[in-house]
Amino acid sequence: MTELNGTVSAPFEPVRNAVLDQLRSGAEVGLSLAVDVDGEKAVDLWGGHRDAARRQPWQRDTITNVWSISKTVTGLAALLLVDAGELEVHAPVARYWPEFAANGKQDVEVRHLLSHTSGVSGLDHPARLEDLYDVREAAARMASQAPWWRPGSASGYHVLNYGHLVGELVHRLTGLSLRDFVRRHIVEPLGADFRIGLDEADLGRVADIIPPALDFDPSVLDHDTVAYKTFTGPSFRASAANSPAWRAADLGAANGHGNALSVADVLAPISREGATAHGRLLGPDTVKLIFDEQSHGADLVNGLHLRWGIGYALPDRRTLPWIPDGRVAFWGGWGGSMAVMDLDRRMTISYVMNNMGPDILGSPRAAVYVTAVYRALGVDASS
């Protein structure tokens, strides 16, 4: 029998029922779901199985690859440097990384990297996934490239290289790799069970991701488009996330490992305008920067209609009608995982699973859970 473990506070009992429905229907294999309301865990659920054969139960400490939820943590790393006065979002990237000015990128600003509007959303050909595992060399290649579109004019989702670009700024300013900076300045102070990449000691509790039935094939795209250049710069399959090389790498765009509880622990300070149980992680003015809209329209890479702030997407009913308006920042991982930071309600929602759907952003399952959470608070997000 499929079990669902954990706790919910009384108003959120319908959220537990929604998760149970998805588990019993077989839509979920294994998952965790957490809701933090002003520092209190109103929902902390986990259940199902770690494996496609449904033999290994998903435990409280099970972690898995969270795909692009990783970017929300990488964006937070950059905001910490902004808050410390070491990084200026309106400054040219080249102020901190002089080589990035090559080939017409001298006016690309830090905010363009953080909002996917830099014009550098992948590697020029030839490009292999293995090239990204040498993060310093890959970043140097990106610095030498010409932009694929006019920086700042539109977003073009930085699928796999967001962590290389932001991580190089982190490295230039601190001398630390992105992985080590996140561990030292975010994960350890917050006591969160999250890491970029995977530690050797964690191999026994990681849940393999279960790829979607059909992997995306970039060859169907027009070869002259930014989308084609990005999805072939380099190409990759979902199953790569289960490989030792992927797990060992420092990919701040896509190989963060955690569960819903740890994602909520990391991101809740944003929802609480910088506050944590142990003091302030960010100042309120730094958090406000997230809502400085940088682009609004069809993304050149993933094709979604998106609003990007600095580091995070902002509500856009055309794409996710179940995310309410207001001071809400969010992003999700390939296959359906989701992280929502609602500053108006000081609430963080995180959902992590192993059974990937075909979705680029969100999923029917994520929509059910997020809708149930808001209804528990008396909010109809779709209205």
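Read-outs: derived from the displayed coordinates by stated rules, not from any lab. Nothing here was measured: the structure is a model prediction, and the numbers come from that model. Reconstructed Cβ throughout: ideal geometry from the backbone, glycine too, with neighbour counts over all protein chains shown.
Look at (1) surrounded by 19 or more Cβ atoms within 10 Å (Cβ to Cβ); (2) charged (D, E, K, R); (3) assigned to a loop (DSSP other than H, G, I, E, B) and you find that Asp215 fails only one, number (1). Among the residues of the range 122-131, those identified as in a loop (DSSP other than H, G, I, E, B) and in contact (Cβ under 8 Å) with a residue 40 or more places away in the chain are Gly122, Leu123, Asp124, His125, Ala127, Arg128.
Out of Leu173, Leu169, Leu178, Leu203, one residue alone is surrounded by fewer than 19 Cβ atoms within 10 Å (Cβ to Cβ), touching a helix residue (DSSP H, G or I) at 6+ places or on another chain (Cβ under 9 Å), within 16 Å of Ala78 (Cα to Cα) and of a type outside the set (S, T, N, Q). It is Leu173. Each residue in the range 32-57 was checked for being in a loop (DSSP other than H, G, I, E, B), over 12 Å from Thr2 (Cα atoms) and touching a residue at least 60 places away in the same chain (Cβ under 8 Å), and 4 pass. If the condition is being aliphatic (A, V, I, L, M) and more than 26 Å from His49 (Cβ to Cβ), then the range 309-364 contributes Ile310, Ala313, Leu314, Leu320, Ile323, Val328, Ala329, Met341, Leu343, Met347. Among residues of the range 198-216 that are free of Cβ contacts under 8 Å to residues at least 40 places away in the same chain and under 14 Å from Trp334 (Cα atoms), those with a beta-carbon under 7 Å from a residue that is of a type outside the set (Phe, Trp, Tyr) and surrounded by 15 or more Cβ atoms within 10 Å (Cβ to Cβ) at least six positions away or on a different chain give the pairs Asp215/Ala238. Hey, does the range 104-121 have a residue that's in contact (Cβ under 8 Å) with a residue 60 or more places away in the chain, in contact with a Phe, Trp or Tyr (Cβ under 7 Å, 6 or more places away or on another chain), outside any loop (DSSP other than H, G, I, E, B) and not basic (Lys, Arg)? No, the range 104-121 contains no residue that is in contact (Cβ under 8 Å) with a residue 60 or more places away in the chain, in contact with a Phe, Trp or Tyr (Cβ under 7 Å, 6 or more places away or on another chain), outside any loop (DSSP other than H, G, I, E, B) and not basic (Lys, Arg).
Just one of the numbered conditions (1) more than 17 Å from Ser235 (Cβ to Cβ); (2) assigned to a loop (DSSP other than H, G, I, E, B); (3) not aliphatic (A, V, I, L, M) is not true of Arg136: (2). Applying the condition of being of a type in the set (D, E, K, R) and in contact with an Asp or Glu (Cβ under 9 Å, 6 or more places away or on another chain) to the range 168-201 and asking which residue is farthest from Asp250 (Cα to Cα) yields Asp193.
Looking at the structure I just gave you, is Ala245 surrounded by fewer than 18 Cβ atoms within 10 Å (Cβ to Cβ), in contact (Cβ under 8 Å) with a residue 12 or more places away in the chain and over 20 Å from Val352 (Cβ atoms)? So Ala245 fits the description; yes. For residues in the range 311-345 being closer than 17 Å to Arg272 by Cα and of a type in the set (Val, Ile, Thr), which is surrounded by the fewest Cβ atoms within 10 Å (Cβ to Cβ)? Applying the filter and picking the extreme gives Val328.
Within the span defined as the range 132-153, every residue fails to be polar (S, T, N, Q) and within 22 Å of the chain's Cα centre (by Cα). Every condition in (1) without any contact (Cβ under 8 Å) to a residue 12 or more places away in the chain; (2) on the phi > 0 side of the Ramachandran plot; (3) out of contact with any helix residue (DSSP H, G or I) (no Cβ under 9 Å at 6 or more places or on another chain) holds for Gly297 except the one numbered (1).
Evaluating Thr230 against the criteria (1) within 19 Å of the chain's Cα centre (by Cα); (2) under 29 Å from Asp51 (Cβ atoms) leaves one unmet condition, (2). Selection of the range 325-379 for residues being of a type outside the set (Gly, Ala, Ser), within 23 Å of Tyr157 (Cβ to Cβ) and in a helix (DSSP H, G or I) yields Pro364, Arg365, Val370. Inspect the range 132-148 for any residue being of a type outside the set (D, E, K, R), within 20 Å of Leu282 (Cβ to Cβ) and crowded, with 24+ Cβ neighbours inside 10 Å and give the result as yes or no. Within the range 132-148 (the criterion being of a type outside the set (D, E, K, R), within 20 Å of Leu282 (Cβ to Cβ) and crowded, with 24+ Cβ neighbours inside 10 Å), the answer is no, since none of the residues qualifies.
Return the residues of the range 78-99 that are under 22 Å from Arg184 (Cα atoms), in contact (Cβ under 8 Å) with a residue 60 or more places away in the chain and in a loop (DSSP other than H, G, I, E, B); say none if nothing qualifies. Hits for the range 78-99 are Glu86, Leu87, Tyr96. Look at Ala367 and say whether it is crowded, with 19+ Cβ neighbours inside 10 Å and without any contact (Cβ under 8 Å) to a residue 60 or more places away in the chain. For Ala367, the condition - crowded, with 19+ Cβ neighbours inside 10 Å and without any contact (Cβ under 8 Å) to a residue 60 or more places away in the chain - is met. Any idea which residue in the range 218-242 is surrounded by the fewest Cβ atoms within 10 Å (Cβ to Cβ), counting only those that are within 25 Å of Asp134 (Cα to Cα) and among the hydroxyl-bearing types (Ser, Thr, Tyr)? Within the range 218-242, the match that is surrounded by the fewest Cβ atoms within 10 Å (Cβ to Cβ) is Ser239.
The set of residues in the range 29-75 that are crowded, with 24+ Cβ neighbours inside 10 Å and of a type in the set (Asp, Glu) contains only Asp36.
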